[in-house]
Amino acid sequence: MPRRTATMLASTLVLIALLCAGVLIKVPYSEMSPGPTVNTLGKVGGEPVLQISGHKTYKTSGNLNMTTVRVTGADYNMNLVEAVYGWLGHDTLVVPHDTLYPDGKTEQQSTQENAEEFSQSQESAKVAALTELGIPVSSRVVVSTVIKDSPSQGKLHAGDVIKAVDGTAVKQPEDVAKLVTRHKPGQDVTFTVIPAKTAAAAEKAGKEPRGTEKITLTTEKAPRRTARSSASRRGRTTPSRSRSTSSSPTWAVRAPV
């Protein structure tokens, strides 16, 4: 076999082997790319993106689009060829897998958090508009999520409005954390709450929710985990799904329990 032919054949085989290896070798990366846009002045799934009850509203026209980002799933195993292609692409970004799914977070958990963050953006927009118009905006602390296998599971529920802890009224998630952490593991803590269904029905009717219940939980040492912080009205908060209602609209700040 001529040397030139042998060299070309060997080079071709090496190239095929490298391509096969690139496809088979998995890398711990995920990809981000442009997603669809959402008209914040319109509807999504038949529901208005922004909705305020208890005050006169006006029809809008045109578009105020919100951009989104599409990401690969938590279970998606990117190969080396895809990673290189993504790195070279002008409209994609390849990032470490743990950046999008830290601590083994599942795709379902990430999707839920994204939905809650979108809901929180809705609330922030309403608060900004109402504040600009000089309409008072109050706030209340609402349970965002109940941690699996925690003492609160089955007793507190997402959407419950926390009015007090051990008889002390709370206005911010930090108030809840401060009062709960005063207890040592094994001690009881009492939450005064308005059940989620009662709060939702009152909001739908444009009324302030009433009718509290007392829930007693036994504290335990919390495992180490990454948590999203809750902040004041002007800061970043965990997501909220509540709607601004009544003459003095309420904006919910949420705390995981």
If you take the square roots of the eigenvalues of the alpha-carbon gyration tensor of the range 99-188 and sort them as a ≥ b ≥ c, do you get rounded (a/c under 1.5), prolate (a/b over b/c) or oblate? oblate
Loop-located trypsin sites (Lys or Arg not before Pro) in the range 36-139, at most 12 other Cβ atoms within 10 Å (DSSP): K56, K59
Given unit charges at Cβ for Lys, Arg (+) and Asp, Glu (-), the dipole magnitude of the range 112-163 about its Cα centre in debye, nearest 20, is 280 debye
Would you kindly give the portion of the calculated P(r) for the range 139-185 that falls above 15 Å, as a percent of all Cα pairs? 48 percent
For the range 38-92, inverting the pair-averaged 1/r of distinct alpha-carbon atoms gives a Kirkwood value in Å of 15.1 Å
Name the shape class, rounded, prolate or oblate, that the alpha-carbon gyration tensor gives for the range 24-157, where a ≥ b ≥ c are the square roots of its eigenvalues, rounded holds for a/c under 1.5, and otherwise prolate holds if a/b is larger than b/c and oblate otherwise. oblate
Among T57, N79, T92, whose Cα lies farthest out toward the positive end of the dipole of the range 47-135, if unit charges sit on the beta carbon of Lys, Arg (+1) and Asp, Glu (-1)? T57
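The numbers here are math on the coordinates, done by the rules we state, and not lab data. This structure is a prediction, so every number in the text was calculated from the model and none was measured. Cβ sites come from the backbone with ideal geometry, for glycine too, and all protein chains shown count toward neighbours.
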